[in-house]
Amino acid sequence: MDFKALPDAGTGSRAIRLEDVSIPGCLIGSEDSLVRRDITLADGKISDVAPEESVAMGGAMVFPCFVDMHTHLDKAQIWNRTPNPDGTFLGALEAVRDDKPGRWDRADLMPRMSFALRSAFAHGTSAIRTHLDYVGDLGAAAISWEVFSDLREAWAGRIDLQAAALTIGELCEEAGGLARCADLVARHNATLGMVSYPDPRLRGWLSSYIAAAAERGLDLDFHTDETMDPEVNTLKDIAELVLEHGFEGKVVVGHVCSLSTMPEEEALATLDLVARAGLHVVSLPMCNLYLQDRHAARTPRNRGITLVHEMKARGINVSFASDNMRDPFYAYGDMDMLEVMREATRIGHIDHSEADWAQAFLGNPALACEFAQPSLALGAPADLVICKARTWTELFARPQSDRIVLRDGRAIDRTLPDFAELDPLMEPL
């Protein structure tokens, strides 16, 4: 058959059986890595009605649509006008700081953020959490939230969108600063977030954030220890204070790169605390591989990925996500969770491990963010990503650019937006 010519199985269409597809066993309660079976689609859902037409799929792999729980839509696609001068983390911070003044208005943010969403949708993502900067010019920050709100409404039914405020601890030093931010977050039904870094005031800041979130019924999402310095361990502070405060909301920590360089005993003891505190961890392997351990004319020695295997062994909910998209923090990326899965498998050696790592791109991030669980169960939406690959090695050997994405049983147009669309925004100031 023509792999891309699947019959319409949307609402009002006849029932279609996809014969002989390969499904990750963890998605259907099997301990096997992959299971060959049939799936019937009818009225835009996964069904058990008698099919009126069958299509031989030849073992093509099927996933529910993906969940991308850590992104930065407000920074997306600024590389052409403001690249990272040296590829370092500090270079990224300074470049983004310099890019904002006079630029981050609705006319700039809307097309860049929309470009990212169009890319994600075409690749097969149905839920995204984005961080939105809340530092520096707070007027510009308010515009970012307005644009996000409009996009969330416009994309409803295609991509479920959440936002998390990305702040720094010094916000607590401004009179009423944290309260204003937390109120903004609450109005947008969003998540309160902060970058945690070593500072004598850190535990006080963290306690204030936890209290502000608890008072408003908010969850928390921290950028944590994005460094290879083995002496940095603010993750421990977060876990201890979540336990101390008895915080009942969801707490996500992202990056936690320094765990990979600190002494093993300290790292594992910290993870025991993380497990007790019930923290959710998201690893950003592509961005961290790009930024961490970068020095001029020196080959990197460390990968930057956090201790995902040790976390999983302790029952910690571990996910992977895209992070940045063609901005100073990551020069590449296209909001493609299949690419994230492929690279996470290679970087983190999750191939010779438990058979349920596919959930780190599906159910685990949905749990951490309280998105609807991606499912292949009867009655679930026929929101599927179908790849011609029949095995994991075939899946990861190629970029799967010929994949099919179904939404409500109908194949979408997977044409990606053209980078040239953004050219008018790339002129120097």
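For the range 26-115, GluC sites (Glu not before Pro) meeting the loop criterion (DSSP other than H, G, I, E, B) and having at most 11 other Cβ atoms within 10 Å: 31. The helix-only estimate of mean residue ellipticity at 222 nm for the chain, built from DSSP H runs of length n ≥ 4 each weighted as -39500 (n - 2.57), is -9500 deg cm²/dmol after division by the residue total.
Each Lys and Arg Cβ is given +1 and each Asp and Glu Cβ -1; about its Cα centre, the range 280-398 then shows a dipole of about 420 debye.
Couplings 3J(HN,Hα) of the range 261-268, computed from phi: 10, 6, x, 3, 4, 5, 4, 6 Hz, in residue order, whole Hz [Karplus 6.51 cos²θ - 1.76 cosθ + 1.60, θ = phi - 60°; x for Gly and Pro].
Which angle between 0 and 90 degrees, to the nearest 10, do you get for helix 337-348 versus the longest principal axis of the chain when only C-alpha atoms count? Once rounded, one gets 70 degrees.
Scattering from the range 36-117 was approximated by placing one identical point on each alpha carbon and applying the Debye formula without solvent; log10 I(q)/I(0) at 0.24 1/Å stands at -1.23.
Entry note: the range 52-164 has Rg to Rh equal to 1.10, where both radii use alpha-carbon atoms and Rh is the Kirkwood radius. For the range 217-295, the set of GluC sites (Glu not before Pro) satisfying both a DSSP loop assignment and a count of at most 14 other C-beta atoms within 10 Å is given as 231, 248. Kirkwood hydrodynamic radius of the range 289-365, from the reciprocal of the average inverse Cα-Cα distance over all distinct pairs: 13.7 Å.
For the range 333-429, carbon and sulfur atoms together expose 52% of the accessible surface, with a 1.4 angstrom probe and every protein chain in place.
Filter the GluC sites (Glu not before Pro) in the range 161-190 to those in DSSP coil with at most 16 other Cβ atoms within 10 Å of their Cβ, and list the result.
174
Using the alpha-carbon positions of the range 141-248, Rg (one decimal) and Dmax (whole number) come out as 14.9, 45 Å.
On average, how much accessible surface per residue is there in the range 1-158, in Å², for a 1.4 Å probe, leaving out ligands, DNA and RNA?
Working: 6110 Å² over 158 residues.
Ligands and nucleic acids excluded, the figure is 39 Å² per residue.
Farthest towards the positive end of the charge dipole of the chain, among the residues 212, 253, 243, is the Cα of 253, using unit charges on the Cβ of Lys, Arg, Asp and Glu. Between the residues 104, 88, 126, the greatest Cα displacement towards the positive end of the dipole of the range 39-164, with unit charges on the Cβ of Lys, Arg, Asp and Glu, is found for 88. Ellipsoid fit via the Cα gyration tensor, the range 342-429: semi-axes of 28, 20, 17 Å, each the root of five times an eigenvalue, largest first. Simple point charges give the picture: +1 on the Cβ of Lys and Arg, -1 on the Cβ of Asp and Glu, and for the range 148-214 a dipole about the Cα centre of about 140 debye. Restricting the calculation to Cα atoms, every distinct pair contributes to the Kirkwood radius of the range 114-159, found to be 11.6 Å.
Karplus-based coupling profile of the range 81-90, in residue order and whole Hz: 9, 9, x, 6, x, 9, x, 8, 5, 5, with θ = phi - 60° in 6.51 cos²θ - 1.76 cosθ + 1.60 and x standing for Gly or Pro.
Please list log₁₀ I(q)/I(0) at q = 0.09, 0.10, 0.14 Å⁻¹ for the chain, using the Debye equation with identical point scatterers on the alpha-carbon positions. One equal scatterer on each Cα of the chain leads to -0.56, -0.69, -1.33.
May I ask for log10 I(q)/I(0) of the range 23-68 at q = 0.22, 0.28 Å⁻¹, from a Debye sum over the Cα atoms as equal point scatterers with solvent left out? For the requested q values the scattering log ratios are -0.95, -1.18.
Nothing charged except the Cβ atoms of Lys and Arg (+1) and of Asp and Glu (-1): what's the magnitude of the dipole of the chain about its Cα centre? Round to the nearest 20 debye.
In debye, rounded to 20, the chain gives about 640.
The HN-Hα couplings worked out from phi for the range 36-51 by the Karplus form 6.51 cos²θ - 1.76 cosθ + 1.60 (θ = phi - 60°) are 8, 7, 9, 10, 9, 10, 8, 6, x, 10, 7, 9, 10, 6, 5, x Hz, whole numbers, x standing for Gly and Pro.
The values are calculated or read from the model by the stated rules, or taken from the named source; none is laboratory data. Not measured: the values here are computed from a predicted model. Cβ sites come from the backbone with ideal geometry, for glycine too, and all protein chains shown count toward neighbours. Note: accessible area is taken over every heavy atom of the protein model, side chains too, but ligands, DNA and RNA are not part of it. Shrake-Rupley method; radii C 1.70, N 1.55, O 1.52, S 1.80 Å.
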